[in-house]
1. Taking every residue in A:160-172, how many Cβ atoms of other protein chains lie within 10 Å of its Cβ, on average?
2. Residue A:80 versus residue B:75, label points 7 Å from Cα toward the beta carbon: distance in nm?
3. Within the range A:142-169, list the residues whose amide N lies under 16 Å from a label point set 7 Å along Cα→Cβ of residue A:88.
4. Starting from the Cα-Cα distance between residue A:121 and residue A:172, subtract it from 0.36 nm times their residue separation and give me the gain in nm to one decimal.
5. Where does each of B:75-83, A:159-167, B:23-31 land if you order them by average Cβ count within 10 Å, highest first?
6. I'd like the trypsin sites (Lys or Arg not before Pro) in the range A:1-88 restricted to DSSP loop residues with at most 10 other Cβ atoms within 10 Å, sorted by number.
7. Report, by chain and number, residues whose modeled amide H sits under 5 Å from the one on residue A:114, excluding near sequence neighbours (fewer than 5 apart, same chain).
8. Given labels modelled 7 Å from the Cα in the Cβ direction, how far is it in nm from residue B:20 to residue A:6?
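Coordinate-derived values only; no laboratory data. Everything quoted here is computed from the prediction, not taken from an experiment. Cβ placement follows ideal geometry from the backbone for every residue including glycine, while neighbour counts extend to all protein chains displayed.
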Amino acid sequence: MTSPFAIEVPSSLLTRARNGEAAAFEQLYRWFERPVYTLALRLCGQREEAQDILQETMLKLFGKISEFRGDSPFWAWLRQIAVNESLMRIRKRHPGNEIDLDEESDFLEADILLPPQAADTQLLISAMNQLSETTRSVLWLYHVEGYTHDEIAGLMDKTISFSKSQCARGAKKLRELLNTEHYNIKQEVLSHG
Amino acid sequence: MADISSQHFGISQALRDLPQEAPMQSAWPILAQHIPAKKNRRYFPMALVASVALLAIIPMSLHSPQIIKDQNDTSLQSVMQQSWQLENILIATRNSTSGNASAEVISLALEDRIHEIDSELDAGSLTATQQLGLWQQRVSILQEATGLYSSQRYQQAEGRPYEIALVESF
């Protein structure tokens with residue numbers, strides 16, 4: 001599985017950025033603008049907030065690039081900043097615990113099959129946006145970014161069971177929503193026909 | 001065209017197939033105002049008195065394709081890469097010490113020219129063509145400096161006075 005973030009950055013570019021070269025920072029911004037923005041949008045669901053997360057993530061990149069030691073790929077380091085920034089905003093919006101309490105529900109099949117309407121980008125995005133922010137975040141981090149349940153649990157300060165449960169129930173809900181959305185659209189077309 | 005009306009998708013594939021999104025507006029104009037201050041790197045004086053050992057590291061011609069790859073490639077990325085490579089060659093000499101006033105004057109003049117270009121690059125709002133032009137100037141100056149130093153090192157290694165080498169080559 002390849003994350004949209006997986007862009008190999010030459011060490012020379014990082015050296016120049018560490019030395020404060022504006023052109024190097026701009027290059028990094030151009031390369032990672034879309035991956036950061038897309039991740040933020042998928043997790044938080046709002047364009048304005050995704051824009052803020054993009055800006056905050058890049059500002060942290062500027063401020064912390066001297067701390068990057070190269071133990072992991074640069075893109076993974078930057079992605080972690082973006083994920084943390086996104087999850088922090090979700091937590092702020094839901095102080096306490098907005099997360100479903102039913103952590104130990106039975107695990108359904110994780111990689112559930114979605115109906116054909118999943119190929120319709122707008123339908124799928126619309127269905128995703130109807131999930132809770134937490135469920136959506138777990139689904140995205142697990143299925144697109146390749147985080148493990150253990151890592152997601154750590155990010156969200158939850159248990160591994162919680163991550164697995166969110167993944168399974170989120171997928172099931174997504175399938176239901178896609179069928180419903182498809183049905184609603186067909187009804188709308190028929191009523192106008 | 002394949003009929004997908006009856007196909008089912010794994011959730012991983014379906015989500016990964018979603019297109020990447022672009023922000024409503026570029027965040028760069030705001031971010032550009034928050035770039036950390038550039039480190040002050042006054043490496044030229046030290047570079048001027050590079051140890052003879054440098055000759056063992058740097059090929060006689062610093063313009064050779066082995067060091068600067070694909071010089072005919074004039075894309076911005078390529079020119080920036082050339083600039084970085086040349087700069088690293090100079091930085092590699094920073095442990096040396098200078099004892100020649102004339103050489104330091106020349107090195108400072110070159111360094112000032114580099115800083116002027118860097119200031120223009122930092123100013124932002126440049127077109128791609130303008131950026132490319134400035135980076136090419138930067139590479140040109142760095143090539144001039146590295147060429148000068150390698151030549152002087154070579155003449156010194158042959159036992160010729162450093163001052164004479166400077167006058168002849170600059």
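1. On the way: counts 0, 0, 0, 0, 0, 0, 0, 1, 0, 0, 1, 5, 1.
Taking the mean over all residues of the peptide, I get 1.
2. 3.1
3. The answer is A:155-157, whose backbone nitrogens lie closer than 16 Å to the label point.
4. 16.6 nm
5. A:159-167, B:75-83, B:23-31
6. Loop-located and lightly packed - A:69.
7. Answer set, sorted by chain and number: B:9, B:10, B:11.
8. 1.4
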